[in-house]
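For reference, the structure is listed below as structure tokens.
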Amino acid sequence: SELKWSCDMEFYFGGHHGEVDFKEGYFIKTGKKISGGAFVIDMNRMSDESGEYENGLISHLKDPDFFDVKLYQTSKLVFTNVIYYDSTHMRINANLTIKDITLPIFFNAEVDFNKKQLTTRFKIDRTLWGITYNNKVKNDAISDAIAFQVTLKL
């Protein structure tokens, strides 16, 4: 399974992209349909896609003013409801916990039973989970949106 993240600069082109690893997870199937699931994300296993910011950026993202990874080593996504549009497309309602803050989110997903995978893309507003930089000028330069591109192996 793969969890890619990206965060762009507010008024500039470019941004940062990387991955974070899953610690564990599972799907619940009812009949031939996915009806639930839960996934734990290992915040210590965060990386920068380019590799050029690995030490500075990733260390900074783990600091208290972003993800505070020493205190909150995992994040969690728990499906609360799955609504199918057709046999392979669905809307997933879930609770996302980051920094011990749990909020509801929803996203569309597609399941490919031949490839045994579920794929989705969604964005969250990082500020709702207390992911802010304590420097107002620099915080305002970073988009509030964090985008995720997820591929989950069934």
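Rounded to the nearest Hz, the phi-derived 3J(HN,Hα) couplings of region 86-102 under the Karplus curve 6.51 cos²θ - 1.76 cosθ + 1.60 (θ = phi - 60°) are 8, 5, 10, 10, 8, 10, 10, 9, 8, 9, 10, 10, 9, 6, 6, 10, 10, where x marks glycine and proline.
The calculated FRET efficiency for Glu110 paired with Ser47, based on their beta-carbon distance and R0 = 35 Å, is about 0.85. Solvent-accessible surface (1.4 Å probe) assigned to Arg45 amounts to roughly 130 Å².
What's the FRET efficiency of Lys33 with Thr74 using the Cβ-Cβ distance as r and R₀ = 35 Å, to the nearest 0.05? Rounded to the nearest 0.05, the efficiency is 0.80. Percent of Cα pairs in the chain per distance bin of 5 Å, from zero to the largest separation: 2, 9, 17, 23, 19, 13, 9, 5, 2, 0, 0.
Would you calculate a helix-derived [θ] at 222 nm for the chain, using -39,500 (n - 2.57) for each DSSP H run of n ≥ 4 and dividing by the full residue count, to the nearest 500?
On the way: 2 runs with 12 residues, N = 154.
It lands at -2000 deg cm²/dmol.
Using the alpha-carbon centroid of each, what span in Å lies between region 17-45 and region 87-136? Their Cα centres are 11 Å away from one another.
Between Tyr85 and Tyr26, what length comes free when the chain is fully extended (0.36 nm per residue of separation minus the Cα-Cα distance, one decimal in nm)? Display every interim value, and only then the final one.
Numbers: separation 59, 0.36 × 59 = 21.24 nm, distance 2.20 nm.
Taking 0.36 nm per residue and subtracting the Cα distance, the gain is 19.0 nm.
Put simply, when 67-74, 36-43, 100-107 are sorted by average Cβ atoms within 10 angstrom per residue, most first, you get 36-43, 67-74, 100-107.
The values are calculated or read from the model by the stated rules, or taken from the named source; none is laboratory data. Remember, it's a predicted structure, so these values are computed and weren't measured experimentally. In this analysis, Cβ positions are derived from the backbone assuming ideal geometry, glycine residues included, and neighbour counts consider all displayed protein chains. Note: areas computed on protein heavy atoms with side chains; ligands, DNA, RNA excluded. Shrake-Rupley method; radii C 1.70, N 1.55, O 1.52, S 1.80 Å.
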